[in-house]
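Below is one structure, written out as structure tokens; comments come after it.
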Amino acid sequence: AGLGPKPQAERMFALMDRFLSNDPVSLQKDILDHVEYTVARSRFSFDDFEAYQALAHSVRDRLIERWHDTQQYFKRKDPKRLYFLSLEFLMGRSLSNSVINLGIRDQCADALSQLGFEYEVLAEQEGDAALGNGGLARLSACQMDSLATLDYPAWGYGLRYQYGLFRQVILDGFQHEQPDYWLNFGNPWEIERVHVSYPVKFYGTVEEETLNGKSCKVWLPGETVEAVAYDNPIPGYGTRNTINLRLWAAKPDGQYDMESYNTGDYINAVVNRQRAETISCVLYPDDRSYQGKELRLKQHYFFVSASLQDIIRRFKDGHNNFDDFPEKVALQLNDTHPSLAVVEVMRVLVDEEHLGWDQAWNIVCRIFSFTTHTVLPEALEKIPVDLLGSLLPRHLQIIYDINFNFMEELKKRIGLDFNRLSQMSIVEEGAVKSIRMANLSIVCSHTVNGVSRMHSELLKTRVFKDFYELWPHKFQYKTNGVTQRRWIVVSNPSLCALISKWLGTEAWIRDIDLLIGLQEFAADADLHQEWKMVRKVNKMRLAEYIEAMSGVKVSLDAMFDVQIKRIHEYKRQLLNILSIIHRYDCIKNMEKTQRRKVVPRVCIVGGKAAPGYEVAKKIIKLCHAVAEKINNDADVGDLLKLIFVPDYNVSVAELVIPGADLSQHISTAGHEASGTGCMKFLMNGCLLLATADGSTVEIIEEIGEENMFLFGAKVHEVPALREKSSDHKAPLQFSHVVRMVRDGHFGFKDYFKSLCDGVEGDSDFYLLGSDFASYLEAQAAADKAFVDQEKWTQMSILSTAGSGRFSSDRTIEDYAETTWGIEPCKCPS
Ligand code: CBF
């Protein structure tokens, strides 16, 4: 009483100051509204895909609400923020993950069932967002989930490729690549921000000018492209916090376009449009080696420039002194792909903000941290100087200046040791003068992280030995982790329910250390019963998928033995296939009575080969050729089957991993930086057959070697084995199976010849021959353990119980504390 009418803004807030309700009735109303107004179908007639779209939009509304609240809260609190720069994110499906993190899965399922739809069926309608190649890209997605869940004030930045990772189609056993038209039916999970766009410049010249009596450099670019933002809300679990993944798409610069249209040059305007859009068109399908393409470099700079303009704009909105920048901003370089960012920050601070070089350099050295994901020297990116100089002339000058200062400092520290100086230089002299992006990143970052303890040791003692000796304090490691939300709660709901039942709480979904509580029940007969039942249901789901996809019926009593990952020689899928041939050959040569003792196996292999990687493609073909023989051999029947799962991606992994009994992580020791697939299997209670490589070494410490099947040369033994004369390396069984391939037992004799040549004699770089005997022993041990199902179940429970250390929550907390210096900023509910 007595109060006049509320001001309009206040009235509006009052109206809006309630969140969308999450009960089934409200959800149902929202879904029907979206059917009618967003999808524009009649609410009396819509199909599964349209129902999925309407459901997705209803979930998206809820995400947007939280996104707004979180961003406003961050703005008000102004904490130090982390910006995670990555050229790759393998997000997979968003619906299933969002409804779990928002806590509305069951309500959605209820709402849909009353409308006559099944939630699971609709979830299957969504395609994967595959904006990345493999481990590195999926790791980025897991880390985003943890950053949101742990309430860190963080944003991810990446590229919105119009075509994600190619679709793998198998024809006659050969891999063919097809474009991934993932945006063809729209993407309800992104918000296009037409008003958030920045010009990105390329080419041109650099001129010297005088400003306020001081000489300065001015870059006069030759081409400008516009970067437009697409925001992808990332919800945390058990929190209102919803962070942002901002992806950039390239569009033509408006002005140039208009000019062409106005002068009637319609064709040129269209060509120009396409030229600009090409930048964010395709994801390079090779995560191992630098493509040597200008377009790839253009992608890198396009992404870096747009992200930094956005970050600096946000900083300036509230701050006017760049000396405060390191207090407010942490920039994470996810591998070397975004490393031009260090040069771009120098350019902006010196050329545009007119800070002195030393002041700018001091800022740069305090904001960047770098994580490398490889041990393979050939995977460290190098960019030809000519290419860089033509595309980004001012950046090349800055790199030279950074390198000059670094070399001068280095000479003071180590003297005129030219060998070392040239190895550590950012500029590599030689036939093709190049910029070493890893050296650039190390010189400019305050921290260099490896992705497992073993990886870090290899970096310190081999790959970056000189840098470690110079700056030991910069080197750290954060063993990778994966999110239990996606890899247990979403993909294995029955295991999730079982764990919560036995732990008496769901708290482990946010506090993974609680999983260790399962150890106490590892021998409990009731838990064994229930555990086996869950595993059987998951195997049934996988068996149905296998039959639908390949026509092969598999026995649920068999051991499901899985190796799914990118196809690479060092990951040794070939070792697996050769041992399957050995198993087949043994069965064929057995008496009927002996065969009764054979443990039946379904061997499942899946993965993509980079399109230009011939050896990997041959491995895929060999797998199919062997499968063809074995699966059609009635004499062997259910004792052995070999299945290749085509088009391996995140959603296929979600189906395969929970149904696996055994999984293989068998890289030659010293080659896998970390590996994250092993962690997903471990969490799901699948036993590991592995070499002591990457993060497996730490898994051994957590669950004990008695709970897994280890084999193969240790990392310190590898160099000597490579030296050893070929006669001593491979056992007879190995030569025998290779001979079977050579002799055309599986057809395609000529085609497989080079594969066989590559693993025999001195060519066996990845040591398939010398590890073969111990690999077969580990396989035999797995068979033996599988016969004793109680023992196997106990090992399985202990695997899940011991997997807590491999949650990305642990990795992210460690990064936050020891690398980025950021703290949680929890938006009130
Ligand atoms: O760190 C994440 C993963 O990255 C890779 O996939 C990569 O692309 N460099 C490595 O090969 C993995 O070992 C690592 O787990």
Looking at the stretch 387-405, is at least one residue within 16 Å of the ligand (Cβ to nearest atom) and within 30 Å of residue 225 (Cβ to Cβ)?
-> no
Quick one: residue 741 ticks every box in (1) of a type outside the set (Lys, Arg); (2) over 30 Å from residue 532 (Cβ atoms); (3) within 15 Å of the ligand (Cβ to nearest atom) except a single one, so which number is it?
-> (3)
Residue 777 being closer than 23 Å to residue 678 by Cβ, in contact (Cβ under 8 Å) with a residue 40 or more places away in the chain, in a helix (DSSP H, G or I) and within 32 Å of the chain's Cα centre (by Cα) | no
Would you point out which residue out of 136, 122 is within 16 Å of residue 650 (Cα to Cα), in a helix (DSSP H, G or I) and among the hydrophobic types (A, V, I, L, M, F, W, C)?
-> 136
Determine if the stretch 633-641 includes at least one residue that is assigned by TED's automatic domain parsing to the domain that holds residue 790, touching a strand residue (DSSP E or B) at 6+ places or on another chain (Cβ under 6 Å) and more than 16 Å from the ligand (Cβ to nearest atom).
-> yes
In the stretch 117-132, residues that are farther than 18 Å from residue 232 by Cβ and not aliphatic (A, V, I, L, M) total 6
Of all residues in the stretch 371-386 being buried (at least 19 other Cβ atoms within 10 Å of the Cβ) and within 13 Å of the ligand (Cβ to nearest atom), which is nearest to the chain's Cα centre (by Cα)?
-> 373
Where in the stretch 426-537 are there helices (runs of 4 or more DSSP H), lying fully within it, with 2 or more residues that are under 29 Å from residue 701 (Cβ atoms) and of a type outside the set (Gly, Ala, Ser)?
-> 453-458, 465-470, 493-503
Picking from 488, 516, 435, which residue would you name as being among the β-branched types (Val, Ile, Thr), surrounded by 24 or more Cβ atoms within 10 Å (Cβ to Cβ) and farther than 26 Å from residue 90 by Cα?
-> 435
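Listed here are the residues, each with its yes/no results for (1) under 21 Å from residue 460 (Cβ atoms); (2) of a type in the set (A, V, I, L, M).
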{"residue": "671", "(1), (2)": "yes, no"}
{"residue": "675", "(1), (2)": "yes, no"}
{"residue": "680", "(1), (2)": "no, no"}
{"residue": "687", "(1), (2)": "no, yes"}
{"residue": "696", "(1), (2)": "yes, no"}
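Taking the conditions exactly as written (out of contact with any Gly (no Cβ under 9 Å at 6 or more places or on another chain) and among the hydroxyl-bearing types (Ser, Thr, Tyr)), does residue 477 satisfy them or not? Reasoning before the result, please.
Numbers: out of contact with any Gly (no Cβ under 9 Å at 6 or more places or on another chain): no; among the hydroxyl-bearing types (Ser, Thr, Tyr): yes.
Considered against the rule, which asks whether it is out of contact with any Gly (no Cβ under 9 Å at 6 or more places or on another chain) and among the hydroxyl-bearing types (Ser, Thr, Tyr), residue 477 comes out as no.
Please specify each residue of the stretch 34-59 satisfying the condition of being assigned to a loop (DSSP other than H, G, I, E, B) and either of a type in the set (Lys, Arg) or closer than 23 Å to residue 191 by Cα (or both). Break it down into steps so the answer makes sense when it comes.
Initially, the stretch 34-59 is screened for residues assigned to a loop (DSSP other than H, G, I, E, B), giving 38-47.
Scanning the stretch 34-59 gives 38, 39, 40, 41, 43.
Of the residues 731, 719, which single one is in contact (Cβ under 8 Å) with a residue 12 or more places away in the chain and in the same structural domain as residue 800 (by TED's automatic domain parsing)?
731
For every residue, the table says whether it meets (1) crowded, with 20+ Cβ neighbours inside 10 Å; (2) among the aliphatic types (A, V, I, L, M).
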site: 703; (1), (2): yes, yes
site: 706; (1), (2): no, no
site: 719; (1), (2): no, no
site: 732; (1), (2): no, yes
site: 748; (1), (2): no, no
site: 751; (1), (2): no, no
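If only one of 499, 414 is away from the ligand (no atom under 16 Å from the Cβ) and in the same structural domain as residue 655 (by TED's automatic domain parsing), which one is it?
499
Can you tell me how many residues within the stretch 549-597 are away from the ligand (no atom under 16 Å from the Cβ) and assigned to a strand (DSSP E or B)? Talk me through it step by step, then tell me what you get.
Residues of the stretch 549-597 away from the ligand (no atom under 16 Å from the Cβ): 549-562, 574-597.
Narrowing further to those that are assigned to a strand (DSSP E or B): 559-562.
Adding up the residues that qualify gives 4.
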What helices (runs of 4 or more DSSP H) lie completely within the stretch 650-724 and have 1 or more residues being within 13 Å of the ligand (Cβ to nearest atom)?
-> 677-683, 696-703
Matching residues, the stretch 99-133, being buried (at least 24 other Cβ atoms within 10 Å of the Cβ) and either within 16 Å of the ligand (Cβ to nearest atom) or within 19 Å of residue 565 (Cα to Cα) (or both) | 129, 130, 131, 132
Hey, residue 655 hits all of (1) in contact (Cβ under 8 Å) with a residue 40 or more places away in the chain; (2) within 25 Å of residue 788 (Cα to Cα); (3) not basic (Lys, Arg) but one; which does it fall short on?
-> (2)
Meets criteria (away from the ligand (no atom under 16 Å from the Cβ), among the acidic types (Asp, Glu) and either assigned by TED's automatic domain parsing to the domain that holds residue 328 or under 28 Å from residue 612 (Cα atoms) (or both)) for residue 145 = no
Examine the stretch 438-446 for a residue that is within 16 Å of the ligand (Cβ to nearest atom) and crowded, with 23+ Cβ neighbours inside 10 Å, and state whether such a residue exists.
-> yes
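Can you find even one residue in the stretch 21-29 that is closer than 18 Å to residue 126 by Cβ and either crowded, with 17+ Cβ neighbours inside 10 Å or outside the structural domain of residue 236 (by TED's automatic domain parsing) (or both)? So that I can check it myself, show each step before the final result.
From the stretch 21-29, those closer than 18 Å to residue 126 by Cβ are 27; that's our starting set.
Narrowing the set further to residues that are either crowded, with 17+ Cβ neighbours inside 10 Å or outside the structural domain of residue 236 (by TED's automatic domain parsing) (or both) leaves 27.
Checked the stretch 21-29: at least one residue is closer than 18 Å to residue 126 by Cβ and either crowded, with 17+ Cβ neighbours inside 10 Å or outside the structural domain of residue 236 (by TED's automatic domain parsing) (or both).
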Of the residues that sit in the stretch 174-218 and are touching a strand residue (DSSP E or B) at 6+ places or on another chain (Cβ under 8 Å) and of a type in the set (Gly, Ala, Ser), which one is surrounded by the fewest Cβ atoms within 10 Å (Cβ to Cβ)?
-> 215
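Can you find, within the stretch 365-380, the residue that is modelled with the lowest pLDDT among those that are outside any helix (DSSP H, G or I) and aliphatic (A, V, I, L, M)?
Here is the first cut: in the stretch 365-380, the residues outside any helix (DSSP H, G or I) are 368-376, 380.
From what's left, aliphatic (A, V, I, L, M): 375-376, 380.
On the way: 375: 90, 376: 85, 380: 88.
Result: 376.
The values are calculated or read from the model by the stated rules, or taken from the named source; none is laboratory data. From a predicted model like this one, the values you see are computed outputs, not experimental measurements. All Cβ positions, even for glycine, are placed from backbone atoms using ideal geometry, and neighbour counts span all protein chains on display.
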